[in-house]
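Chemist: Below is one structure. I have some questions about it.
The values are calculated or read from the model by the stated rules, or taken from the named source; none is laboratory data. The structure presented is a predicted model; accordingly, all values stated were derived computationally and were not measured. Cβ sites come from the backbone with ideal geometry, for glycine too, and all protein chains shown count toward neighbours. Surface areas here come from the heavy atoms of the whole protein model, side chains and all, with no ligands, DNA or RNA. Shrake-Rupley method; radii C 1.70, N 1.55, O 1.52, S 1.80 Å.
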There are 2 protein chains.
Amino acid sequence: MRRSDASAQIVATSTVENYLKHLLLLAEDGETLVPMGALAAALEVVPGTATTMVKALADEGLVLHRPRLGVRLTPEGRRVALNVLRKHRLVETFLVHVLKMDWAKVHDEAEQLEHAISDEVLDRLDALLGHPQTDPHGDPIPSRQGKLHSQVYATLATCTLDRSVRIVRITDQSPEFLQFAEQHGLQPGTALRVADRNLPAGLLALRRSGSSAAASLSLVAAGKILVEPAR
Amino acid sequence: MRRSDASAQIVATSTVENYLKHLLLLAEDGETLVPMGALAAALEVVPGTATTMVKALADEGLVLHRPRLGVRLTPEGRRVALNVLRKHRLVETFLVHVLKMDWAKVHDEAEQLEHAISDEVLDRLDALLGHPQTDPHGDPIPSRQGKLHSQVYATLATCTLDRSVRIVRITDQSPEFLQFAEQHGLQPGTALRVADRNLPAGLLALRRSGSSAAASLSLVAAGKILVEPAR
DNA sequence: TGATTTATTTTGACTAATCAAAATACCGGC
DNA sequence: GCCGGTATTTTGATTAGTCAAAATAAATCA
């Protein structure tokens, strides 16, 4: 009985799901080896812990471990990871669009819920929300079939000066940053242009489309905001 | 800073939450001592495990352990347990009323979710659902303030013969029983009467109000269906 | 009362996940 | 080609939660 979708057969603990999810986020393509230190940092465990866990995951056939070089997902591991990520982002979308929660809070909430919801609830949530392509932060939601449709975008730090652009994604999920972004109206969908960049000062000046309101932003912050040409 | 509601300050693992929740279900009044064996059976662990865990919970001040006699919740433990039960039943309600899930499936689903949702999500879910008093099985939902409004009802096995009654609650949450009940239209709200009881045979005959359709039911099953006088 | 059954507790061992710190491998520079 | 620094792996210990089975207490019954 062949199945083409990405429903998870494997029973993974939430720890396992977290390791796989972070491996996916650290190497979306699935090709590049993730250094053990990077994985450990992402999971906020000491490197030794990550090594131990990765070896166990390798035994399960969920990751490929190249000792001293790094680790990457197997196709099976990737399948599980995509399903977790899909849950995370659909839950975020639900929390913002249905429960009207603050978008700065939903990340941590989804971090718990992604391990608790079944595939059936996932599907129904997806339908209820109208099969969204991205979550409230603009992050792409993996399809049921496990396709992660993730594009390369310019950022406010790299886009053309004085061209009108639209924000498509905020890549920093921390409540602090999201709160800051919201307060300045910097959300997916917002149209604006970079009026000026002062590299030595690490600052840039923004101008909202159809308004004379200006705001300035650090280069670091700007690099976390992905944009596409408007219109 | 005095707080009157039942929001949980204590950080309990889901194991701890399950022990407390089952203690509440086994002794709703909070007075009666629950024998260790009963608790262990409810949690599907061996008795020794329950003893160990209960001693730990007693150290935390969440339960009172009377060795060899049994265990009961402290006010603090009860507060936490009520909050978990509230989550469980509101989640069930959400799954049935919003996601349109089969009511036979939602119990197991809620079993996971009750440990993953925050108090804020809980409150928003409650508001979204219009502050329901009972879940889809008719089980009372504890209030935010920790009041569990649970009445004593007759069952189909004990109610007056030939009196019209309305189903208010199904006390067996197993998918099998719920599926069976649904197939026979035995859900909270349904009005019917017991046409006949045959005690030696352990059977009873039901008649739906406003219909000549009859059904028969075992006494055991009937005892799981709580009713109140209709109208 | 004393023997037997039953419930509970204790003991010892196991698994998953973690950390601290020691051991090891690899890299770049000279 | 060696030396020092950095990343990784290994080792030993810890915590939460569990089970199996032995020990103990209480209840029942003759």
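Chemist: Roughly how many Å is it from the Cα centre of region B:9-43 to that of region B:118-138, as a whole number?
Modeler: 22 Å
Chemist: Given H placed on each backbone N at 1.01 Å, which residues far from residue A:101 in sequence or on other chains put an amide H within less than 5 Å of it?
Modeler: A:96
Chemist: Which residues of region A:118-148 end up with at least 30 Å² less accessible area in the presence of all protein chains than when their chain stands alone, using a 1.4 Å probe?
Modeler: A:120, A:121, A:124, A:128
Chemist: Nearest the rotation axis from A to B, which residue of chain A has its beta carbon, and at what whole-angstrom distance?
Modeler: Of all Cβ atoms in chain A, the one nearest the axis gives A:116, 2.
Chemist: Now a separate question. Output the relative contact order of region B:14-77, whole-number percent, from Cα pairs under 8 angstrom with separation of 6+ residues.
Modeler: Details: 75 pairs, mean separation 21.6, N = 64.
Relative CO of region B:14-77 lands at 34 percent.
Chemist: Still on this structure, please answer the following. Copy-to-copy spacing for residue A:132, label 7 Å out on the Cα-to-C-beta vector, in nm, shortest first?
Modeler: Computed spacing set for this position: 2.3 nm.
Chemist: Explain nothing, just the number: relative contact order of chain A, from Cα pairs under 8 Å at least 6 residues apart, as a whole percent.
Modeler: On the way: 355 pairs, mean separation 37.4, N = 231.
Value for chain A: 16 percent.
Chemist: So what are the radius of gyration and Dmax for the Cα set of region A:8-98, in Å?
Modeler: 13.1, 46
Chemist: Could you run the Karplus curve 6.51 cos²θ - 1.76 cosθ + 1.60 with θ = phi - 60° over region A:223-230 and give me ³J(HN,Hα) per residue in whole Hz, x for Gly and Pro?
Modeler: x, 9, 10, 8, 9, 10, x, 6
Chemist: Please find, in a Gaussian network model of chain B (springs between Cα atoms separated by less than 10 Å), the residue of B:135, B:59, B:108 whose mean-square fluctuation is greatest.
Modeler: With Cα springs under 10 Å in chain B, the top fluctuation among B:135, B:59, B:108 is at B:59.
Chemist: While we're on this one: If you plug each phi of region A:28-35 into the Karplus form 6.51 cos²θ - 1.76 cosθ + 1.60 with θ = phi - 60°, what whole-Hz ³J(HN,Hα) values come out, in order, with x for Gly and Pro?
Modeler: After applying 6.51 cos²θ - 1.76 cosθ + 1.60, I find 4, 5, x, 9, 4, 6, 8, x Hz.
Chemist: Separate question: Put a point 7 Å out from Cα along the line to Cβ at residue B:174; what are the distances to that point in the other copies, in nm, shortest first?
Modeler: Its label point is 5.2 nm from the equivalent points in the other copies.
Chemist: Please give the calculated 222 nm ellipticity per residue for chain A, where each DSSP H segment of at least 4 residues contributes -39500 (n - 2.57) and the sum is spread over every residue; nearest 500 deg cm²/dmol? Show your work: numbers first, answer last.
Modeler: Details: 8 runs with 88 residues, N = 231.
It lands at -11500 deg cm²/dmol.
Chemist: Over region A:88-231, what lengths in whole Å, largest first, do the semi-axes of the equivalent ellipsoid take, defined as the square roots of 5 times the eigenvalues of the alpha-carbon gyration tensor?
Modeler: On the way: eigenvalues 188, 46, 34 Å².
Values for region A:88-231, descending: 31, 15, 13 Å.
Chemist: While we're looking at this one, here's another question. Divide, for region B:154-229, the radius of gyration over alpha carbons by 2.2 N^0.38 Å, where N is the residue count. Don't skip to the end; give the middle numbers.
Modeler: Numbers: Rg = 11.1 Å, N = 76, 2.2 N^0.38 = 11.4 Å.
Taking N as the residue count of region B:154-229, the ratio is 0.97.
Chemist: Collect residues whose amide H, placed 1.01 Å from N in the peptide plane, falls under 5 Å from the amide H of residue A:150; neighbours closer than 5 in sequence don't count.
Modeler: Here the answer is none, since no amide H 5 or more places off falls under 5 Å of that of residue A:150.
Chemist: For the pairs A:147/B:105; A:21/A:55; A:21/B:100; A:105/B:100, flag any whose C-alpha to C-alpha distance is greater than 23 Å. Numbers along the way, then the final one.
Modeler: Values: A:147/B:105 29 Å; A:21/A:55 16 Å; A:21/B:100 29 Å; A:105/B:100 27 Å.
In this structure, A:147/B:105; A:21/B:100; A:105/B:100 lie more than 23 Å apart at Cα.
Chemist: Determine how large the accessible area of residue A:55 is when every protein chain is in place; take a 1.4 Å probe and give Å² rounded to the nearest 10.
Modeler: Its accessible surface works out to 120 Å², give or take rounding.
Chemist: Could I ask something else about it? Just to be sure I understand: if I project the alpha-carbon convex hull of the protein assembly as shown onto a plane and average over all orientations, what area do I get in nm²? Can you show the working numbers first?
Modeler: Numbers: hull surface 124.0 nm².
Result: a mean projected hull area of 31.0 nm².
Chemist: May I ask you to give the solvent-accessible area per residue for the protein assembly as shown, in square angstrom, as obtained with a 1.4 angstrom probe? Intermediate values should be presented prior to the final figure.
Modeler: Details: 22850 Å² over 462 residues.
So the protein assembly as shown comes to 49 Å² accessible per residue, rounded to a whole number.
Chemist: Sort shortest first the distances from residue A:185 to its counterpart in every other copy, using label points 7 Å along the Cα-to-beta-carbon line, and give them in nm.
Modeler: 5.9
Chemist: In what order, largest first, do B:66, A:86 sit by accessible area if the probe radius is 1.4 Å?
Modeler: Details: B:66 110, A:86 10 Å².
Highest to lowest solvent-accessible surface, that is B:66, A:86.
Chemist: Further question: Could you give each residue of region A:147-156 its phi-based ³J(HN,Hα) in whole Hz, using Karplus coefficients 6.51, -1.76, 1.60 with θ = phi - 60°, and x for Gly or Pro?
Modeler: 9, 10, 8, 10, 9, 9, 10, 6, 10, 4
Chemist: Just counting partner chain Cβ atoms within 10 Å, what average do the residues of peptide B:102-108 show around their Cβ?
Modeler: So the per-residue partner count for this stretch is 1.
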